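Have a look at the structure below before the remarks.
The values are calculated or read from the model by the stated rules, or taken from the named source; none is laboratory data. The shown structure was predicted, so the numbers you read here are calculated from the model rather than taken from an experiment. Every residue, glycine as well, gets a Cβ built from its backbone with ideal geometry; the counts of neighbours run over all protein chains shown.
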């Protein structure tokens, strides 16, 4: 039996695509992932309070939001397989999608495998993840935990500069830890950082451990030039050192950019292969928000529906 539509990956993009596709009677089959993307449901499964997703005036826990999306997809007829896709063949239709346990043929595919924020894996990181350590200032910056306390941001590019500037709205002071002796951010962003009275730059500095009780209270930083150690009392530590898109199995078949994200065409979610679309963080290195991922999941499902009707 050949499926009409297979969705690879879950999270806001995948579940939204599934909801729209199922309501359009495409009877989608979803490989919701298990190990490759961290957890079925994507990065929100490791997030606590989500306060910027429309429709929840009091906020909602990340795992709860994903459970609701998942149940909605199931309600409309999505078939779920909790497994990772390990191999695809997009050279001819029907396309081949394979896990360790099975091989599926499908007329169309939507890819929603997401991207993982790069971590430093310092001592104490797991203990304080979502309790002071985060990789998304826009997602977590408004948390009361970070109100009027000193915060550290790791990175030297535009993302780090943007996150540092954003956090000045809430923090009493922002320490920007730059691993080299220069900023990689654009000139405009550098000027904003260097001239901001709430931002202090620590050159050639890297955190090596995190400390606290129930929440983060301080970090140990090491000077990358002379290896000296110092303590920094902060209530928050944000990583802004990039993301890794989960696109390894698509390399050589789909067109990827220099960072490994899937390239999509214009305002569409279409890839370079007809019948294959990409939605969410796997093709978005700019916004990386749950609501934008959901939006592109909707787009991909609508495009797939029209394409299948015409092909």
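Structure values in brief
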{"read-out": "Any chance residue 254 is over 20 Å from residue 85 (Cα atoms), in contact (Cβ under 8 Å) with a residue 40 or more places away in the chain, assigned by TED's automatic domain parsing to the domain that holds residue 63 and over 18 Å from the mean Cα position of the chain (by Cα)", "value": "no"}
{"read-out": "Those residues of region 260-287 which are in contact with a strand residue (DSSP E or B) (Cβ under 7 Å, 6 or more places away or on another chain) and either in a loop (DSSP other than H, G, I, E, B) or not assigned by TED's automatic domain parsing to the domain that holds residue 53 (or both), in sequence order", "value": "260, 261, 263, 264, 269, 271, 272, 273, 275, 279, 283, 285"}
{"read-out": "Out of 212, 242, 236, sole residue that is in contact (Cβ under 8 Å) with a residue 40 or more places away in the chain and within 22 Å of residue 11 (Cβ to Cβ)", "value": "242"}
{"read-out": "Out of 74, 104, sole residue that is under 25 Å from residue 264 (Cβ atoms) and touching a strand residue (DSSP E or B) at 6+ places or on another chain (Cβ under 9 Å)", "value": "104"}
{"read-out": "Strands (runs of 3 or more DSSP E) contained in region 77-128 and holding at least 1 residues touching a residue at least 24 places away in the same chain (Cβ under 8 Å) and closer than 30 Å to residue 179 by Cβ", "value": "115-117"}
{"read-out": "Residues that are over 30 Å from residue 206 (Cβ atoms) and part of a loop (DSSP other than H, G, I, E, B), drawn from region 240-259", "value": "252, 253, 255"}
{"read-out": "Verdict on residue 71 being in the same structural domain as residue 269 (by TED's automatic domain parsing) and free of Cβ contacts under 8 Å to residues at least 60 places away in the same chain", "value": "yes"}
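Rundown of residues vs (1) in the same structural domain as residue 182 (by TED's automatic domain parsing); (2) modelled with pLDDT of 95 or more; (3) surrounded by 18 or more Cβ atoms within 10 Å (Cβ to Cβ); (4) over 20 Å from residue 6 (Cα atoms), yes/no style:
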residue	(1), (2), (3), (4)
211	yes, yes, no, yes
225	yes, no, no, yes
233	yes, yes, no, yes
300	no, yes, yes, no
